Each structure stands twice: as structure tokens, then as C-alpha cells.
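Peer 1: One structure is given below, represented as C-alpha cells, and several questions about it will come after.
Where a number appears in this text, it was derived from the coordinates with a stated rule and is not lab data. Remember, it's a predicted structure, so these values are computed and weren't measured experimentally. Cβ coordinates were reconstructed from backbone atoms using ideal geometry, including for glycine residues, and neighbour counts include every protein chain displayed.
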Amino acid sequence: MRGGKAFRRWLRPLLLIVAIGFFVSLYQTWIRIPANVAPWGPVELEQPPGWLARMQINSLAADPPACIAALDRSVLAYRRTPARPIVDGCGLEAAVRPLQSHIAYNRAFDLTCGMMAALYWYEAELQRLAEQHLGSKITRIDQLGTYACRNVNSASAGRRSQHATANAIDIAGFRLADGRSISILDDWGTDAPEARFLAAARDEACRFFNVVLSPDYNRLHANHFHLDLGGFRMCR
Ligand SMILES: [Zn+2]
């Protein structure tokens with residue numbers, strides 16, 4: 001009994017000493033926490049994403065200078081897109097145009113910096129999924145568009161789409177190094193490896209983007225994945 005009492009008396013000072021030792025070691029960098037694991041510290045897009053990836057992406061999206069700095073620390077080649085002030089809910093601010101990324105695209109596009117950071121991280125994971133499910137690498141992503149001054153679902157009324165500020169991308173399919181081409185319209189929902197890849201690609205997108213809409217969502221998305229960084233959370 002006495003032993004138990006003594007232990008309890010020493011427990012708090014002991015925990016305090018351990019905690020102080022831990023923070024001193026962090027400060028002195030005797031202990032190194034890998035990039036993207038702790039909520040503090042810069043986002044390192046060349047390092048694997050951790051469980052905080054979407055939170056990190058959202059903090060970059062809210063802080064354009066930090067976002068540009070994160071792109072500058074990566075190997076992505078890009079140029080800043082001339083700003084087009086937002087008028088009537090449409091425009092480009094803190095947008096970039098990728099010149100050379102992990103994967104090539106069918107055509108050039110401008111995207112908000114936060115979206116570009118998310119996409120760059122996502123590309124690396126897509127490559128991993130393609131090798132795992134298809135045994136090949138992706139050589140090209142076919143995208144349908146990023147910027148379009150329009151409302152959600154191109155409706156005549158309602159709120160502006162995330163596309164109106166280039167805060168979204170629509171991806172229709174993938175070309176592989178072995179010559180195959182995979183289309184969301186044709187390959188979604190079959191029991192082929194291509195469909196397993198697409199399902200995994202959709203699920204993986206939910207780690208980086210706030211809104212991920214696939215053919216599972218509705219018929220308007222039968223031929224593409226819509227990925228955006230708007231204020232909603234949806235993964236369908
Ligand atoms: Zn879209």
C-alpha cells in the first residue's frame with residue numbers, strides 16, 4: 001500500500017519532467033518529427049501526406065503566401081496566373097498554372113494555389129494506386145476544366161460553382177504508360193481492375209479535397225470526378 005502511495009506522489013512530478021524533456025528535445029531538434037505528421041510546421045509536398053493532409057491543404061488555401069512558399073519548396077514547375085479580380089463571384093486570385101507536375105495533363109489550366117497543392121499531393125498517390133491496381137504508371141490525366149464563370153450545375157440561378165474561382169477541377173480519365181486509357185464514364189462500377197483503381201482514386205481524393213463527387217453522386221458526374229476546396233465536406 002505504501003508503495004502505491006509513494007508512486008502516486010511522484011507520478012505528477014515525473015510526468016512533468018518527461019513532458020518538459022520532450023519539448024526541450026523537440027526545441028533542440030534532438031527528436032525530429034517527420035514532415036506532415038505534426039499540426040505545426042510547414043507543409044512539405046515532396047513528403048508523404050499524413051492524417052492531417054486535408055487540414056494542411058485548407059490552411060494553405062486560406063494563406064496564399066504560405067501556399068506559394070509550399071509550392072516553391074516542391075519540385076512542381078508552375079507560373080503565377082495574372083490575377084483577375086473577382087467580380088460577380090467570378091475571377092482568379094492566387095491562381096497558378098502548372099508547367100511540369102508529377103503527371104502531365106491533356107491541356108493547360110489555372111487553379112487556385114490551394115487546389116494545386118492538393119492536386120500535386122494527390123497525383124503522387126494516384127501514381128501509387130495505378131501501380132498497385134494496374135501495374136502501370138499514369139502518363140496523362142484528362143481533365144475537363146477548372147475555371148468557368150458559372151453557377152453550381154450550370155443552373156441559371158443559385159450559388160456560384162467553385163469553378164467560378166478556379167477552386168475545382170473535373171477529371172475524366174487517365175492514360176497509362178502501357179497504352180491503356182481509363183475513362184470514368186466507361187470503367188466506373190465494373191469488376192475490372194480499372195474500376196477498382198477508379199474507386200480507390202475517388203476514396204483517396206477525399207484525403208485532400210473538401211468535396212469529391214463521382215458517378216456515385218448523381219448522373220451529372222457520370223463521366224468525371226469533381227474535386228474542390230469549397231467550404232462544404234462531401235465525399236460521394
Ligand atoms: Zn466540377
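Peer 1: How much length is gained on full extension from residue 30 to residue 51, taking 0.36 nm per residue of separation minus their Cα-Cα distance? Mind showing how you got there, number by number?
Peer 2: Working: separation 21, 0.36 × 21 = 7.56 nm, distance 2.37 nm.
Difference between extended and current length: 5.2 nm.
Peer 1: Take residue 10 and residue 23, extend 7 Å from each Cα along the Cα→Cβ direction, and tell me the distance between the two endpoints in nm.
Peer 2: It is 2.4 nm.
Peer 1: Springs between alpha-carbon atoms under 10 Å, Gaussian network over the chain: tell me which of 211, 43, 24 tops the mean-square fluctuations.
Peer 2: Greatest mean-square fluctuation among the candidates belongs to 24.
Peer 1: Assuming R0 = 30 Å, can you tell me the calculated FRET efficiency for the pair residue 232 and residue 77, based on Cβ-Cβ distance, to the nearest 0.05? Walk me through the numbers on the way to the answer.
Peer 2: Details: r = 31 Å, r/R0 = 1.04.
That pair, residue 232 with residue 77, gives E of 0.45.
Peer 1: How large is the dipole of segment 1-151 about the Cα centre if only Lys and Arg carry +1 and Asp and Glu carry -1, each at its Cβ, rounded to the nearest 20 debye? The partial results should precede the final answer.
Peer 2: Values: 17 positive and 11 negative charges, 183 e Å.
Computed charge dipole of segment 1-151: roughly 880 debye.
Peer 1: Turning to a different aspect of this structure: Based on the mean of other beta carbon atoms within 10 Å per residue, what is the order of 184-192, 130-138, most packed first? Could you put the intermediate results ahead of the total?
Peer 2: Numbers: 184-192: 14.9, 130-138: 16.9.
Put in order of decreasing packing, that is 130-138, 184-192.
Peer 1: Within the chain, what percent of beta bridges assigned by DSSP are antiparallel, to the nearest 5? Write out the running numbers ahead of the final one.
Peer 2: Values: 25 of 29 bridges.
Of all bridge pairs located within the chain, approximately 85 percent are antiparallel.
Peer 1: Something else now. As I understand it, the dipole of the chain uses +1 on the Cβ of Lys and Arg and -1 on the Cβ of Asp and Glu, about the Cα centre. Which of 230, 15, 57 lies farthest toward its positive end?
Peer 2: Value computed over the given set: 15.
Peer 1: Between Rg and the Kirkwood Rh of segment 116-234, both from Cα atoms, what is the Rg to Rh ratio? Don't skip to the answer; put the middle values down first.
Peer 2: Details: Rg = 14.1 Å, Rh = 14.6 Å.
For segment 116-234, the value is 0.97.
Peer 1: Where the Cα atoms of the chain are projected onto their three principal axes, how long is each span, largest first, in whole Å?
Peer 2: Rounded to whole Å, the extents work out to 75, 46, 35 Å.
Peer 1: So, one more: Given points 7 Å out from each Cα along the Cα-Cβ axis, report the residue 84 to residue 128 separation in nanometres with one decimal.
Peer 2: 3.5 nm
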